[in-house]
1. Return the calculated 222 nm mean residue ellipticity for the chain, to the nearest 500 deg cm²/dmol, obtained by summing -39500 (n - 2.57) across DSSP H runs with n ≥ 4 and dividing by the residue count.
2. Distance from the Cα centre of the stretch 204-242 to that of the stretch 126-203, in angstrom?
3. When the accessible area of the chain is split by element with a 1.4 Å probe, what percent falls to carbon and sulfur?
4. Modelled label-to-label distance, ARG26 and ALA123, 7 Å Cα→beta-carbon offset: nm?
5. Dipole size in debye (nearest 20) for the stretch 179-267 around its Cα centre, Lys and Arg Cβ +1, Asp and Glu Cβ -1?
6. Would you please name the trypsin sites (Lys or Arg not before Pro) within the stretch 14-117 that are DSSP coil residues with at most 16 other C-beta atoms within 10 Å of their C-beta?
7. Can you tell which of PRO217, PRO267, PRO234 shows the greatest fluctuation in a Gaussian network model of the chain with Cα springs below 10 Å?
8. Evaluate the distance, in nm, between pseudo-label points positioned 7 Å from the Cα of VAL49 and of LYS94 along their respective Cα→Cβ axes.
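The values are calculated or read from the model by the stated rules, or taken from the named source; none is laboratory data. Quick caveat: nothing in here was measured; it's all calculated off a predicted structure. All Cβ positions, even for glycine, are placed from backbone atoms using ideal geometry, and neighbour counts span all protein chains on display. Surface accessibility is based on the protein's heavy atoms, side chains included, excluding ligands, DNA and RNA. Shrake-Rupley method; radii C 1.70, N 1.55, O 1.52, S 1.80 Å.
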Amino acid sequence: MKVLITGATGDVGSKVVKQLLEFGERPRVFVRDAAKARTLFGEKVEILVGDLGDAASLCKSLEGIDSLFLVNSGPRIPELDELAARSARDAGVKHLVKLSSLDVEQSLAIGAWHEKGEAAVRASGVPYTFLRPSGFMSNLMTWSYSIKREGVVRSSTGNGRRPFIHSEDIAAVAVRALATGAYIGKSLALTGPEALSFAEIAERIGASIGRELRFEPISDEEAGRRFAAAGASPEETAAHIELWRAIREGRLATVTDGVEQILGRGPIHLDRWILEQKEAFL
Ligand SMILES: NC(=O)c1ccc[n+]([C@@H]2O[C@H](COP(=O)([O-])OP(=O)(O)OC[C@H]3O[C@@H](n4cnc5c(N)ncnc54)[C@H](OP(=O)(O)O)[C@@H]3O)[C@@H](O)[C@H]2O)c1
């Protein structure tokens, strides 16, 4: 099986590559920056440089590939997924595993971009598996600055809960899907083991670093202003405000048994992630 991994320098994609390496595979990675890939994986992977918006580089990278792990981000997900799916079909790819989002089920915000991306993949006729994870634990890294500087977490999510998932679990499911083909035609709903409010998560991080942290509820407008100040586009900002509102309204709190069903073990607990990332909050 020859696998092409996109997003290989990112959170989930890099873990998919590392887990495939542990299985003795030599995956091909499709990256924008060869040096970054070399730093991460050394000589253990085959590196092809290109851009997911560039059909020519995609086509070249898909030559001789059986399975594609597809990661696209942001408002261009629909068109970039369509391009990748068409290129995969033309290259004779036998299985496309797309990193989608559980928010597809609510057809909201970023999930709506993925919904269109999934539709494009289905329309291409390439056999697919959609991974639909909940919010990533790694998102919580964005709290490190205000925790370190002020001992505070600000959010417009109110008392709403979300079952954050460890990206190692998403990667493990991706590798299982790629290696076995057992989930072709399926959409896999993946969450962490428990839905927690952002105040509860702040409390756990505080307990781990030995500091009492304050949770400060903020308005949608304030949350949007802060997100945009970090460089997000108006479209991305609006999508995130909608997402946080959905959490506040309790619409994204469902815990699934997807990870356990597929991997035969429970999903990784938030406490492990906090332990792994503790230094970032000190
Ligand atoms: N975060 C969440 O809570 C969450 C929840 C559900 C679903 N998701 C979905 O998960 C996906 C993001 O996964 P992630 O967090 O693992 O990604 P990530 O860490 O943000 O990394 C994105 C990867 O994609 C690459 N990339 C971006 N644009 C590219 C382009 N035009 N051509 C080639 N490569 C490109 C980046 O390369 P460079 O290193 O060159 O930048 C990087 O390797 C998104 O689709 C998101 O909607 C996220």
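1. Values: 12 runs with 128 residues, N = 282.
For the chain, the value works out to -13500 deg cm²/dmol.
2. Distance between centres, Cα-based: 16 Å.
3. C and S fraction of accessible area: 49 percent.
4. Result for the modelled spin labels: 3.8 nm.
5. Details: 10 positive and 14 negative charges, 46 e Å.
Taking the Cα centre of the stretch 179-267 as origin, the dipole is about 220 debye.
6. When the trypsin sites (Lys or Arg not before Pro) of the stretch 14-117 are filtered for loop state and at most 16 Cβ neighbours within 10 Å, ARG32, LYS44, ARG76, LYS94 remain.
7. Result for the chain, Cα springs under 10 Å: PRO234 fluctuates most.
8. That separation, rounded to one decimal, is 3.2 nm.
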